[in-house]
Amino acid sequence: MKPVQWGVLGVADHYIKRVHVPVRDSEVCEVRAIASRNQKKASEAAGRLGISSAYGSYEELLADRDIEAVYIPLPNHLHLEYTKKCADAGKHVLCEKPMGLNASEIEEAIAYTEKNGVLLMEAFMYRFHPQWTHLRDLVSTGEIGRVTAVQSSFFYSNKDPNNIRNILSMGGGALYDIGCYCASSARYATGLEPERVVARVSRDPEFGTDILSSAILDFGDVQATFVCGTQNFGHQHVSVFGTGGYITVELPFNIYPDVPVITVVHNGVGRRVVQNGPSDQYGLQFEEFSYAVREGLPVPTPPQDALANQRVLDALFASEKSGGWEPVR
């Protein structure tokens, strides 16, 4: 298969530190160009990373006829704008999460890309790691009986006022940045959508962003709870509980690519530790998207999943304001 030609909008640390190497080493992807709003910054990044083309504006990259697909790791408030610009240029889009700042933006992105005949996917990379596909298999085959609850947490510490994660107008805050993973993983593990949610949110007095947010997601017969924060000691976990046992994913999201990761399974027989990997979730994500581009297939995670997840976040923000349960719609 001829490698899909990729462009990257923005010289993001996330791309440089986590994404570039596995995509560079892939036989089905080729990163052809990177763009910044500063030509010197783009050129320096391209030289350092071995990328052949560097552009001093995002629009110049989108005008490159050889680029087939674009990765958008830009700040959250730019996702809709540049998803539409990619679609106008006929480029397929892999957009970092969240795909928009609310469900209306994501609905607009889906409709716009469909109208322009390009693929669109939200970059929830964790779903491509074998520990998560294995967890889904364990749940679906009844390893822990009927699922009753999901519990998760995700924390890091970042108090830099200039960091986009702490800038409210750019879509900063814990729920947008990491709470979205907790909501997504609960939906993915159960295969269900919550009917209503309730939230408790604490905001930074200077930034205005949520820095500690807790949530209950009501799936009917299943409940999910999570807490996330941006000014805490780093930690993450997901546990899935059932009538016949439970499963704990010790490193669910920021998964190391070069060592196996551990899932602990407790059932009626005993406790076992399952190792998956080493696998690079970013490389797997880009490769699966590239296969969809080259073979004319749907993307592995449909954009409607991004919309469903954003509706959960929207309801949580509504609950923060109302102080009570809010429907997911």
#### Entry: Calculated [θ] (222 nm, deg cm²/dmol) that DSSP helices of n ≥ 4 give over the chain, each run adding -39,500 (n - 2.57)
-9500 deg cm²/dmol
### Query
Once fully extended, how much extra length lies between residue 225 and residue 25, figured as 0.36 nm per residue of separation less the alpha-carbon to alpha-carbon distance?
68.2 nm
### Message
Taking 8 Å as the Cα distance limit and 6 or more residues as the minimum spacing, I'd like the relative contact order of the chain as a percentage.
### Response
18
### Query
Any idea what the relative contact order of region 164-310 is, in percent, if you count C-alpha pairs under 8 Å spaced at least 6 apart?
15
#### Entry: Selection from 47, 117, 104 lying farthest towards where the dipole of region 4-125 points positive, charges on Cβ
47
### Cross-link table 17/85; 17/321; 41/115; 115/321; 40/115, entries beyond 32 Å C-alpha to C-alpha
17/321; 41/115; 115/321; 40/115
### Task
Within region 245-329, report the GluC sites (Glu not before Pro) that DSSP leaves as loop and that have at most 16 other Cβ atoms within 10 Å.
250
### Task
Extending each Cα 7 Å along its Cβ direction at residue 59 and residue 84, get the distance between those two points in nm, one decimal.
1.5
#### Entry: Sparsely packed trypsin sites (Lys or Arg not before Pro) within region 64-149, loop by DSSP, other Cβ within 10 Å at most 12
65, 146
#### Entry: Residue list for region 140-177, given a label point 7 angstrom along the Cα-to-Cβ vector of residue 250 and an amide N cut-off under 18 Å
152-155
### Query
Hey, fewest Cβ within 10 Å first, where do 196, 37 land in order?
37, 196
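Suppose we keep just the DSSP beta bridges with both residues in region 95-243; what percent of those would be antiparallel, to 5?
Percent antiparallel among DSSP bridges in region 95-243 is about 75.
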### Query
Taking only Cα atoms, what is the 0 to 90° angle, nearest 10, from helix 79-88's long axis to the longest principal axis of the chain?
50
### Query
Among 75, 8, 56, which residue has its Cα positioned farthest towards the positive end of the charge dipole of region 4-125, with +1 placed on the Cβ of Lys and Arg, -1 on the Cβ of Asp and Glu, and the dipole taken about the Cα centre?
56
### Rounded if a/c under 1.5, otherwise prolate or oblate - the chain, Cα gyration tensor axes
prolate
### Message
Run the reach check for residue 2 against lysines, Cα to Cα strictly under 18 Å, same-chain hits fewer than 8 apart removed. What comes back?
### Response
91
### Message
Just to verify a number: FRET efficiency for residue 206 and residue 116, C-beta to C-beta distance, R0 = 41 Å, to 0.05?
### Response
0.50
### Summary
Length gained, residue 232-residue 157, 0.36 nm per residue minus C-alpha separation, equals 26.5 nm
### Query
Over region 52-207, what is the mean sequence separation of C-alpha contacts under 8 Å (at least six apart), divided by residue count, expressed as relative contact order in percent?
19
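Only the coordinates and a few stated rules stand behind these numbers; no lab work does. Quick caveat, the model's predicted, so the values are computed rather than measured. A quick note on method: Cβ atoms are made from the backbone with ideal geometry, for glycine too, and the neighbour counts reach across all protein chains shown.
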